[in-house]
Each structure stands twice: as structure tokens, then as C-alpha cells.
Amino acid sequence: SRSIKQQTMIGWWGSKFIAMIVGVVYPSLESYKALKTDDKDDDMQWLSYWIVFSLFTLIEFFLDIVLAWVPLYYEAKLIFILWLALPQTRGATKLWTDHKDKIEALYSVALTHLEKIQAQPTAKAAETKAE
């Protein structure tokens, strides 16, 4: 019997490598450059990029087992990351602007939980000092 082979042009490993370059290395270099300028426009692009990219990465982590079976998923993912990052498209800024309220609501809940987690060790340390 023949096994079903995933339809892909660049494959899983090629996709991981290219996604690392396009999705992490290039944006981190651009973010560094943005920190060195007084222009707030580039800060907006790269801060919104990292927020959108992290949400995408989190969602992909949980759906990866299903997404791996979608034909040409890895190629579509690379196109999406390029769209997010490239200055010609400014996709991350567009997504942030179009869905700001939803993203802020999600991050508000996450930050509330994070603050509770961070407060626990501080409270325990204060108790220990008091004793």
C-alpha cells in the first residue's frame, strides 16, 4: 500500500528555516533599526508585527497537527509572514488597526493573569521577610 504524501513545494524543514529568517531574523533586525530612530511609525510597524506574529505562532502551536495536513500550508504560512513583515504591505499594522479592540481584549485578560502570577512570588517573599 502507498502512503499518502503531503503536497508541498518546500517541505517542513525548508519552511521552518525560511520562516525563521523571514519571520524572526529580518523582523528583529528591523526592530533594532526602529529602536535607533526617533520615528514612531516604524515602532508601530514592528511592535504590531511582534504582537500579531506571537498570536499566530501560539495559534499555530495548538493547530499544527491539523495544519500539517493542509496542502501547501507551509507555503501559505510563509506568504502570510511576508505580508505581515514587508514594508510594502505592512500587514501587521493593518491587522492591528483592523482588530485592535479584539487583540486588546485578549491581551487584557492575559495581562491580568500574568500580573496575578507575578504578584504571588512577591507576596510570598514579603511574607518570608516579615517572619
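The values are calculated or read from the model by the stated rules, or taken from the named source; none is laboratory data. Note that this is a predicted model, so its numbers are computed, not measured. Every residue, glycine as well, gets a Cβ built from its backbone with ideal geometry; the counts of neighbours run over all protein chains shown. Surface areas here come from the heavy atoms of the whole protein model, side chains and all, with no ligands, DNA or RNA. Shrake-Rupley method; radii C 1.70, N 1.55, O 1.52, S 1.80 Å.
Annotations
- Residue ID - nearest to the chain's Cα centre (by Cα), chosen from residues in region 44-61 that are farther than 14 Å from Glu104 by Cβ and buried (at least 17 other Cβ atoms within 10 Å of the Cβ): Phe53
- Selection within region 68-95 - open to solvent by less than 40 Å² (accessible area, probe 1.4 Å) and of a type outside the set (A, V, I, L, M): Tyr73, Tyr74, Glu75, Lys77, Gly91, Thr93
- Just one of the listed residues (Trp12, Trp46) is of a type in the set (A, V, I, L, M, F, W, C), in contact with an Asp or Glu (Cβ under 7 Å, 6 or more places away or on another chain) and in contact (Cβ under 8 Å) with a residue 12 or more places away in the chain, namely Trp46.
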